[in-house]
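The values are calculated or read from the model by the stated rules, or taken from the named source; none is laboratory data. Note that the structure is a prediction, hence the values are computed from the model and not measured. Positions of Cβ are backbone-derived with ideal geometry, glycine not excepted, and every protein chain shown enters the neighbour counts. We work out accessible area using only protein heavy atoms, side chains counted, and drop any ligands, DNA or RNA first. Shrake-Rupley method; radii C 1.70, N 1.55, O 1.52, S 1.80 Å.
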Amino acid sequence: MRCINCKISLLFFIAVFTGAVSVMAQTVIRGKVVNEATAQPLQGASIYFNNTSIGTSSNAEGFFSIPLPAMENAELIISSVGYERLVYKPDASTLQHNTIVFKLAQKAEQLKDVLILTDAVRKKYLAIFEKEFLGITEEASRSSIQNKKDIYFTNGGSKNSFKAYSDTPLVITNRMLGYKISFELVEFFYDEQSGRTSYYGYTRFDEMGVKNKWKKNRQHCYYGSTIHFYRALISNRLKEENYHIYLIKPVRMSSDTSKKSSREEMDMAYEVTAAQIISADTSNTSNYNVVIPGKLMVQYGKNPSSKSYLSKNTFLQGGLPVGFRAYVTVTSPAISLNNAGIINNPMDVLYAGYWIYEKAANMLPYNYVPE
C-alpha cells in the first residue's frame, strides 16, 4: 500500500531543504590559471582575496574555486612566481556558472640598480626593514620573516634612503596571532633623515593550527586598531567603542593680520561627531567618504594590549593616562571606506601618534570579526 501523504511530506521536505540551501549558498568563483603565451595550465598559482584568510591554489589542470566574501571592492589576487600578478575585482552577478580564465604573462627581465652591500651594511638595512615593516609591538617581537634572503635593496633617490623589493612573497610567521602571512611586497621606502617609511603590497593570511588557540590575542590586537576605529566610525558607535575624535585646526591668536609669526598661531582641537566627518558615497552606496579638514586626533579610552610592551621598549614612559592618542592626516580630498570599515586606498592616509608603532605584525584579515 502506498502512502500518498508520506510522499507529499517527503516532497515538501525536499523543497524546503533545497530552498534553505539556495538561500544559504554562497557565490563561488570558478577559474582557470594559464600561461598567457602558451595557454598551458599553471599549477600551484596562489589565488586569494587581498588582506583576508580566504585563499586557495590552482590544481594540476590550473583550475580552482574560491568563495566570494561578503565585502565590497574585494580584490582577488592571482599570482605565480615568475609571472605578472593579476588583480581582479569580481562582480557577483556575472560569476554564477561561469569559469573565468586568468592569463598570466611571464615577467620581463627588469634591470634594477640593486645595491651591492657588505655583510655589515646589509645586516643594518635588514634590521631597519624589519623594524619599519613589522612594527614595534609585542606582536612584532614574536614575528619573523622566514625568507629575508629574497629581499634586495636599491637606491632611495637621496642620501640615507633606500628602497626594498622581493620577487617572491615574503613569508611571515606571527607566533602571537597564529597567522602565516604571505606578503607580496611591491615596494618599501625608508628615509632616515625624515624618518618617513612607506610600503605596500598584497597579503594572504593562513591559519597556524586551530584558530581558537589565538582567539584572545587576536581580540586584544583588534580593539584599539585602525580597523576597529573605522568600523566604529561607519556604524556611528564611537562612544560605545570608547573613542572620541577631534579636528585640529590652526587658530590665529592675534587680530593683527600683518604679523606672520608662527608663534601667534596655535593648534586648537574641537571635538566632533562621526556624522560631521562621514557620509554615504552617492556614487557607490556600499562606500563612505570621510572628510578631514586638517588633522584628526583620535582618543581611545582603554589601554590597548601592546601599550605595556611599548612602555618598556620605547621612549614611552610608564604612568601614562589610560588609552592613547593617534592622529590621522588625509592626502586626498576624502578617505573612501567600504562597508566593512576598510580603506579602499591605504595610500590616502598618514598616521602619527600611537598607530605608527602598529604595522604588518599587527595586521588582521579584513574578514576578521571578534567573537
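Kindly list, by first and then second residue, each pair from a residue in the range 317-346 that is open to solvent by 30 Å² or more (accessible area, probe 1.4 Å) to a residue that is among the basic types (Lys, Arg) and modelled with pLDDT under 90, limited to pairs with Cβ atoms under 9 Å and residues at least 6 apart or on different chains. Filtered contacts from the range 317-346: Gly318/Lys312; Leu320/Lys307.
Just the residues that are over 23 Å from Trp355 (Cβ atoms), touching a residue at least 12 places away in the same chain (Cβ under 8 Å) and more than 18 Å from the chain's Cα centre (by Cα), please, taken from the range 204-232. Met208, Gly209, Lys211, Lys213, Lys215 - these are the residues of the range 204-232 that are over 23 Å from Trp355 (Cβ atoms), touching a residue at least 12 places away in the same chain (Cβ under 8 Å) and more than 18 Å from the chain's Cα centre (by Cα).
Which residue is most open to solvent (accessible area, probe 1.4 Å), if the candidates are limited to the range 73-124 and must be among the basic types (Lys, Arg) and more than 26 Å from Ala360 (Cα to Cα)? Talk me through it step by step, then tell me what you get.
Going residue by residue through the range 73-124, those that are among the basic types (Lys, Arg) are 85, 89, 103, 107, 112, 122-124.
Among the residues that remain, those that are also more than 26 Å from Ala360 (Cα to Cα) are: 103, 107.
On the way: Lys103: 118, Lys107: 86 Å².
Within the range 73-124, the match that is most open to solvent (accessible area, probe 1.4 Å) is Lys103.
Does at least one position in the range 75-85 carry a residue that is part of a loop (DSSP other than H, G, I, E, B), under 25 Å from Leu185 (Cα atoms) and touching a Phe, Trp or Tyr at 6+ places or on another chain (Cβ under 6 Å)?
Within the range 75-85, the subset part of a loop (DSSP other than H, G, I, E, B) is 75, 80-82, 84-85.
With under 25 Å from Leu185 (Cα atoms) added as a condition, the list becomes 75, 80-82, 84-85.
Next cut, touching a Phe, Trp or Tyr at 6+ places or on another chain (Cβ under 6 Å) only: none.
No, that holds for no residue.
Suppose the filter is free of Cβ contacts under 8 Å to residues at least 12 places away in the same chain and either touching a Leu at 6+ places or on another chain (Cβ under 9 Å) or open to solvent by 40 Å² or more (accessible area, probe 1.4 Å) (or both); does Gly201 pass it? Answer is no for this residue.
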